[in-house]
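First the structure, in the form of C-alpha cells, and then the observations on it.
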Amino acid sequence: MPSWLPRGQAQRLIWLQNFVLKLNVYVGTAGIVAGDVTTVTLYRDFYQWILNRSEQIGTLAQDINVWKSNLADGPLGTPLGSAPGAPVFPIVPAGTPVAGIFVLIVQLAERIRNTAGITQAILEDLGIVGADSVPVLDDPTFTVTSLPNSQERLDFVKSFSDGVLVESQVGDETTWTLLGTDRFSPYLDARPPQVAGVPEVRRYRIRYLDGDTPVGNYSAVVTVTTIP
C-alpha cells in the first residue's frame, strides 16, 4: 500500500471520511465523477459500520470479563447487578459490499493522480500524496481506578490508534512487565497481589498500537496502591 494510506484501522477510517468529503468537492476535476463519490461513500459506510460493531463487541467483552471476575473473586456477598447483555446492532448500510475496498480506493487514487489537470494542492487535500497525510499521534493518556480485590481499571484514550499495550511494575521492581494489549478501554488488571490481603504499589504505562505494532512514545507513569 502507498505511504499516504494509514495502516491502522482507526486511522484509515479518519482518512477515508476526509477522502469522501473532498472527492465530492472535486467532482468534475481530474476525472472525478459523481459515481466515484457514490462508490467510495458506500465503502466508507460499510467500513465504519463494521469497525463500530467490533468496538461494541470489544466493550461487551470487557464488561463480561469484569462481571466474571467480580462473580468469581469479588468481595463476598456484594450484589453484582445485571449480567452484561448482547449489544443491539444498527441496520447494515444499504448496498452490496465488496472485498478489498482499500485496494480499489488506491486504484481510484492512482487514476486521479495520473489525470491531466491534477494539482499538488488537490492531491494534498484528498490526502493522496506523501506520508504527511497520516495523522500524528499525541502521547497516550489514561487514568487508573483502584477496585476491591486488588483490581485496577485503566481507562485510556486510544485516539485514532488501534489500541494500546499495557506495562506494569510492582513494588520495587525496576523492569517493566508487559501485561497485554487492548483494543478497547478500559483495561482490567485482575492479577492477584504478591502477598494475599496486603496492599501493594503498582505503576503503569501504556503505548499506542498501529495494528499490532507499538508506535510513538510511552505515556506518563501512573502510580496507585491496590485495595485488598
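Give the residues of segment 63-78 that are in a helix (DSSP H, G or I) and more than 24 Å from Ile91 (Cα to Cα), sorted by residue number. Write out each step before concluding.
Initially, segment 63-78 is screened for residues in a helix (DSSP H, G or I), giving 63-73.
Scanning segment 63-78 gives Ile64, Asn65, Val66, Trp67, Lys68, Ser69, Asn70, Leu71, Ala72, Asp73.
Taken over segment 173-216, the residue count meeting the criterion of being closer than 13 Å to Lys158 by Cα and among the polar types (S, T, N, Q) is 2. Hey, any hits in segment 112-124 for a residue that's touching a residue at least 12 places away in the same chain (Cβ under 8 Å), surrounded by 17 or more Cβ atoms within 10 Å (Cβ to Cβ) and under 29 Å from Pro214 (Cβ atoms)? Taking every residue of segment 112-124 in turn, none turns out to be touching a residue at least 12 places away in the same chain (Cβ under 8 Å), surrounded by 17 or more Cβ atoms within 10 Å (Cβ to Cβ) and under 29 Å from Pro214 (Cβ atoms). Determine if segment 73-90 includes at least one residue that is at pLDDT 90 or above, in contact with a Lys or Arg (Cβ under 9 Å, 6 or more places away or on another chain) and either within 21 Å of Trp4 (Cα to Cα) or not aromatic (Phe, Trp, Tyr) (or both). Yes: one or more hits.
Yes/no matrix, rows are residues, columns are (1) closer than 30 Å to Leu123 by Cα; (2) loosely packed, with under 14 Cβ neighbours inside 10 Å:
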residue	(1), (2)
Trp4	yes, no
Asp36	yes, no
Ser54	no, yes
Leu80	no, yes
Gly95	yes, yes
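For segment 182-215, the set of residues classified as assigned to a strand (DSSP E or B) and acidic (Asp, Glu) consists of Asp182, Asp189, Asp210, listed by residue number. Screening segment 173-228 for residues that are surrounded by 14 or more Cβ atoms within 10 Å (Cβ to Cβ) and among the polar types (S, T, N, Q) and picking the one that is farthest from Lys68 (Cα to Cα) gives Ser219. It is to be established whether one or more residues within segment 7-16 are closer than 18 Å to Gly127 by Cα and either more than 21 Å from the chain's Cα centre (by Cα) or in a loop (DSSP other than H, G, I, E, B) (or both). For segment 7-16, residues closer than 18 Å to Gly127 by Cα and either more than 21 Å from the chain's Cα centre (by Cα) or in a loop (DSSP other than H, G, I, E, B) (or both): present.
The values are calculated or read from the model by the stated rules, or taken from the named source; none is laboratory data. All figures in this text were calculated on a predicted structure; none of them were measured in a lab. Methodologically, a virtual Cβ is constructed for each residue, glycine included, from the backbone with ideal geometry; neighbour enumeration extends over all protein chains shown.
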